[in-house]
Amino acid sequence: MKKIIDVSEHQKRIDWSKVSGVDGVIIRIGYGDDEIGQDDDYVKYNIEECERLGIPYEVYLYSYAGNTTRADGEADHVLRLAKGKQMSLPIYYDLEESSLA
């Protein structure tokens, strides 16, 4: 079984040189529409550190899309921040927002 950790701005600034025993990382890229204010505060740092240290990573977006227009905006959000990155794992959407059920 692989050990994958999920990180976001909620963990603050991670000392990636101390992270060991993981097979990969899922990094929150942000949430909602393609607005800079909805980028995760640590996404750039977390991606740069994983790339620097050779830690496999993937990204995810916490979704608030209740319709296709919002889903399109969220896809643009992911594409803007993932462009040119060296992800070795897939991109995910976090679809758990209960207000959309």
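The values are calculated or read from the model by the stated rules, or taken from the named source; none is laboratory data. Because the structure is a prediction, the values reported are computed rather than measured. FYI the Cβ positions are ideal-geometry reconstructions off the backbone, even for glycines, and counts take in every protein chain you see. Surface areas here come from the heavy atoms of the whole protein model, side chains and all, with no ligands, DNA or RNA. Shrake-Rupley method; radii C 1.70, N 1.55, O 1.52, S 1.80 Å.
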Going by what's in this entry, would L81 be described as of a type outside the set (D, E) and in contact with a His (Cβ under 9 Å, 6 or more places away or on another chain)?
no
Which one of these does A82 not meet: (1) modelled with pLDDT under 85; (2) in contact with a Gly (Cβ under 7 Å, 6 or more places away or on another chain); (3) among the hydrophobic types (A, V, I, L, M, F, W, C)?
(2)
When the stretch 10-39 is examined, which residues are found to be farther than 18 Å from R70 by Cα, at pLDDT below 95 and acidic (D, E)?
D23
If I go through the stretch 5-40 residue by residue, how many of them are without any contact (Cβ under 8 Å) to a residue 40 or more places away in the chain and either among the β-branched types (V, I, T) or assigned to a loop (DSSP other than H, G, I, E, B) (or both)?
16
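Give the stretch 22-42 a look and list any residue that's in contact with a Ser or Thr (Cβ under 8 Å, 6 or more places away or on another chain), open to solvent by 10 Å² or more (accessible area, probe 1.4 Å) and more than 16 Å from E96 (Cβ to Cβ), or say none.
Y42
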Can you find, within the stretch 46-99, the residue that is surrounded by the most Cβ atoms within 10 Å (Cβ to Cβ) among those that are among the basic types (K, R) and under 27 Å from K18 (Cβ atoms)?
K85
